[in-house]
Structures are given as C-alpha cells and as structure tokens.
1. Given 0.36 nm per residue, what is the gain on full extension from residue A:248 to residue A:271 after removing their alpha carbon distance, in nm?
2. How shielded is A:211-223 by partner chains, expressed as the average number of their Cβ atoms within 10 Å of its Cβ atoms?
3. Given 0.36 nm per residue, what is the gain on full extension from residue B:110 to residue B:137 after removing their alpha carbon distance, in nm?
4. Calculate how steeply helix B:140-152 sits against the longest principal axis of the alpha-carbon atoms of chain B, using the helix alpha-carbon long axis, and give the answer as 0 to 90 degrees to the nearest 10.
5. Shielding by partners for B:74-83, please: the mean number of other protein chain Cβ atoms within 10 Å of each residue's Cβ.
6. Take the alpha-carbon centre of the stretch A:1-64, take the same for the stretch B:92-155, and report the distance between them in whole Å.
7. Take each of the peptides B:145-151, A:213-219, average the number of other beta-carbon atoms within 10 Å over its residues, and list them starting from the highest.
8. With each label point set 7 Å from Cα along the Cα-Cβ vector, what nm distance links residue A:148 and residue A:201?
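Throughout, read-outs are computed from the coordinates displayed, never taken from laboratory work. What you are looking at is a predicted structure, and each value in this text was computed from that prediction instead of being measured. Every residue, glycine as well, gets a Cβ built from its backbone with ideal geometry; the counts of neighbours run over all protein chains shown.
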C-alpha cells in the first residue's frame with residue numbers, strides 16, 4: 001500500500017466516525033459500558049486477591065529447636081527453610097523476644113503480673129523460627145520438610161486458617177475467570193452487532209468501491225481504523241472514570257465501615273492500573289479491530 | 001475484447017437467467033443490449049463484471065478468462081472496466097470532486113495526478129463549475145454525468161452502462177448517450193443495456209436483442225421494438 005493511500009485510509013477512518021455520528025456514539029457507549037463493568041470487576045478481584053494474599057502472609061509456621069542446639073545449626077536450619085518453595089520470610093524469634101511478646105499480649109499494661117518471673121524466663125528454650133508463607137497451599141510440604149530437619153524439636157502450624165485461605169483464593173480465581181470470560185463474550189457480541197449495523201448501512205459504499213476495482217485491503221482499512229479508534233475511545237472513557245471513582249469508593253468504604261479498617265487493606269489505584277490500563281486498552285483496541293475486520297469480511301465478496 | 005461462449009446462468013436449479021449465450025464484441029464497438037425486464041440483460045453485465053459466476057460456459061474479457069481469475073485478481077481486472085448504473089450509485093456524503101477522486105484513489109493514483117485528472121473528467125461531462133456540490137444538490141441527469149465522469153476518469157478499455165437513462169427524462173437521456181458516444185469515439189468499447197426504444201432506434205448502433213435469457217437478434221445498425 002502506498003503512503004498516500006495509508007494517509008487517505010486513516011483520514012477516511014476518522015471521517016467515517018464523524019459522518020456516522022449516531023453509530024459511532026452507540027459503538028463507543030457499548031464498548032465503554034462493557035469495559036467499565038470489566039474494569040470494575042477486575043479491580044474488585046485484584047483487591048480480593050490482594051487481601052487474601054496479605055492474610056496468607058500473616059500465617060506463620062513456628063519451628064522449635066532441640067534443647068541446647070548450637071547456634072551454627074540454628075542458622076543452617078534458617079537457611080534451609082528460606083530456600084523452601086512457597087516461603088516468603090523466615091524470622092528468628094529468641095526466647096527473650098518470645099517472652100516479651102507474650103507479656104505484652106497477655107499482661108498488657110499491667111507489668112506487675114510479670115514481675116514474679118523477673119529474670120527467670122519461663123519460655124527459655126522457646127527460641128524459634130517464624131516461617132511466613134507466600135503461598136499457603138504449600139504449607140504442608142514446608143511443615144514436613146521442617147520436621148525432617150536435624151535439630152528440630154517441634155513444628156506448630158494452623159491448618160484451618162491455611163486451608164480456608166487457599167480455598168478462598170481458589171474460589172476467587174475460578175469465579176473471576178468465569179465472570180471475565182462471560183463479560184468478554186457479551187462485549188464481543190454487542191460490539192460486533194453494533195459494527196454490523198454500521199457496516200450494513202454502508203453496504204452500498206463498499207459495493208461501489210468493489211465495482212471500481214478497490215482491493216479488499218483498501219476497502220477494509222478505513223473500517224478497521226474506525227473500529228480501532230472507537231475501541232480506543234470506548235476504553236479510555238471508562239478507564240478514566242474508574243480511575244477517579246476507585247479512590248472515592250475506597251475511602252467511602254473505609255469511612256463508612258470503620259471496623260473493616262483493620263481487616264481490609266486496599267490496593268492503591270496505581271497498582272490496579274499497572275495491569276488494568278494496558279489490559280483495558282488492549283481489550284478496546286482488540287475488540288474494535290477484530291469486530292470490524294471480521295464483520296466487513298463478508299461484505300467484501302462482491 | 002468481450003467474448004461469451006455458451007454462457008448459462010441459473011440463479012436457482014432449473015431457472016436460467018441466461019441460456020447458452022454466445023456473443024463477441026470487438027474493441028472500439030458501441031453495442032446496445034436490449035430486451036424486456038427479465039430477459040437477462042443485467043445478468044449479462046454482472047457476469048462481465050465478475051460479480052456473478054456463470055453456471056456453465058466461458059467469458060473472456062481483454063484476453064482474460066474470467067473463470068481462472070482468483071478473488072485477489074478481481075480488483076485489477078475491474079480497473080479495466082468503467083461502470084455506470086441506473087441509480088447512479090454516487091457516495092452521497094461526498095461532494096462531486098471527492099466522488100470522482102475516490103475512483104482514482106481506489107486504484108492508488110498519486111495525489112498529484114488526481115488533481116489534474118478530476119477537473120479534466122468534470123469538464124468532459126460539463127460539470128466543472130459544480131465540483132463542490134453534493135449529489136443531492138444535482139438533478140438526475142447531472143448525477144448520471146458525474147457517474148460517467150467517475151467511470152471514465154481511469155480511462156478504462158470498456159465502459160458498461162446498465163440502464164443509464166432509466167431514471168432520466170428524454171433531454172437528459174440524450175445528453176448521457178452523447179457522453180457515452182464521445183467516450184466511444186475516444187476508443188473505449190461501450191456496452192449499454194437499455195430498453196429506451198427511441199434512443200436505440202435513433203443512434204443506429206449494433207443492437208443485441210435478448211428474450212428469456214437467449215439472444216434473439218444481433219444486428220449492425222439495428223433497432224428495437226419495445227413491446228412492453
């Protein structure tokens with residue numbers, strides 16, 4: 001294709017949008033509505049995943065050592081645990097640390113209660129590793145690995161929390177895949193319908209081009225450019241709307257439901273948009289391209 | 001130039017729009033194809049344009065056997081043809097200049113040449129002053145003149161006109177026929193499908209008469225007796 005033809009096709013694509021205002025607005029609105037719902041759901045799913053992931057990270061396995069184990073072996077155990085699959089972090093908790101955290105947790109402000117113990121740490125020999133998981137579904141493997149290590153006396157774990165979290169995580173993944181798939185199918189159906197309507201109106205124009213001797217590419221190019229531009233605008237509008245609505249929604253939820261403040265931790269909008277922006281734009285452009293490319297194909301057989 | 005050999009076209013099984021038509025048109029000829037509605041005239045034009053495929057028989061145009069033409073080669077083939085329709089088929093949302101320039105852009109003519117050729121084509125059909133007008137601002141005769149300018153701007157070897165005067169009054173009809181004759185005088189082969197008795201009888205060109213899908217007469221300097 002000549003450069004002048006590329007320029008002409010691009011100009012025609014934009015002119016088509018302006019000429020067929022109603023059709024263009026209908027297409028952009030359909031696309032924007034679909035991508036808005038998609039983006040909304042996408043942001044919710046991402047936050048759910050984030051909250052579950054945060055909760056998972058809080059789940060720790062506690063690894064206790066045999067009495068009088070040498071410090072070098074303790075360090076080795078730490079290294080071996082760190083290399084395990086699914087482990088996020090391994091933290092050494094000395095007997096004194098354990099006692100201090102026990103005191104603050106159970107005696108609170110009333111330090112007199114603890115005074116009876118004075119320098120006699122009741123939790124001597126309780127130094128341990130707190131192993132934080134990145135993926136709780138791998139907890140069982142890490143536990144049996146830790147139990148098999150020399151110098152390990154006991155391993156404590158929380159099965160219920162880990163099982164609940166990993167099944168919640170699985171559920172969210174399946175549900176989100178299903179809903180996103182349905183939304184995509186609906187969007188493609190709606191948009192290809194709108195594009196079909198637009199092209200049917202211009203069937204005569206396409207036929208004239210073909211009678212004159214236009215190649216398929218020449219006929220198709222302005223329509224595809226039109227589809228891509230409509231897709232792009234149809235994606236930008238909901239993405240901008242969602243961007244501003246996101247922050248408002250998060251602060252509304254947190255002020256309205258104060259209690260949730262400690263439980264819920266929402267992703268910042270920039271984190272959500274690192275994924276949502278390229279995915280949303282690609283979706284708009286992709287659907288616009290595919291919709292116009294394939295819809296016009298059947299009209300080219302003149 | 002145009003050769004049809006035993007061409008049959010059936011739209012549905014057993015109903016033939018064309019039935020074993022054999023016809024030869026030489027370069028530079030001016031030929032009228034006449035006949036009643038449903039005689040197969042328009043089917044003939046559509047077959048030559050390769051808009052339709054014959055059920056049997058062969059069509060050779062400009063030395064090309066249309067049967068062997070692949071889908072990709074059709075645009076190049078059609079660039080050798082100029083087509084004029086009864087309903088003008090102009091792009092309503094573009095002005096006259098753009099309508100004619102459009103035919104040139106389709107065949108990827110450079111913008112520099114387009115700027116020269118479009119005004120020349122408009123002058124040929126006497127509409128140089130109206131290049132900014134839109135089709136709806138023109139009379140039927142003027143619109144058909146624009147369609148002819150569009151058909152001849154790429155200098156095709158063959159001009160096909162399907163009922164070009166069907167929607168026009170006698171004065172405009174004569175103007176259109178004059179333009180087609182001028183194109184023929186410049187060397188273009190012209191094929192006109194019509195049932196305008198007055199024009200056919202007055203112009204004394206070659207007349208091919210069709211009835212129910214077959215050619216019933218083919219006369220040099222012929223006439224036409226429309227029984228409708």
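1. Numbers: separation 23, 0.36 × 23 = 8.28 nm, distance 1.57 nm.
Here the answer is 6.7 nm.
2. On the way: counts 12, 18, 15, 9, 8, 4, 1, 5, 2, 0, 0, 0, 0.
Rounded to a whole number, the mean comes out at 6.
3. Numbers: separation 27, 0.36 × 27 = 9.72 nm, distance 2.88 nm.
Full extension from residue B:110 to residue B:137 adds 6.8 nm.
4. On a 0 to 90 degree scale, this one is about 80.
5. Values: counts 6, 10, 2, 1, 6, 4, 1, 3, 3, 4.
Taking the mean over all residues of the peptide, I get 4.
6. What the calculation gives is 43 Å, centre to centre.
7. On the way: B:145-151: 26.1, A:213-219: 20.3.
Highest to lowest by the protection proxy: B:145-151, A:213-219.
8. 6.9 nm
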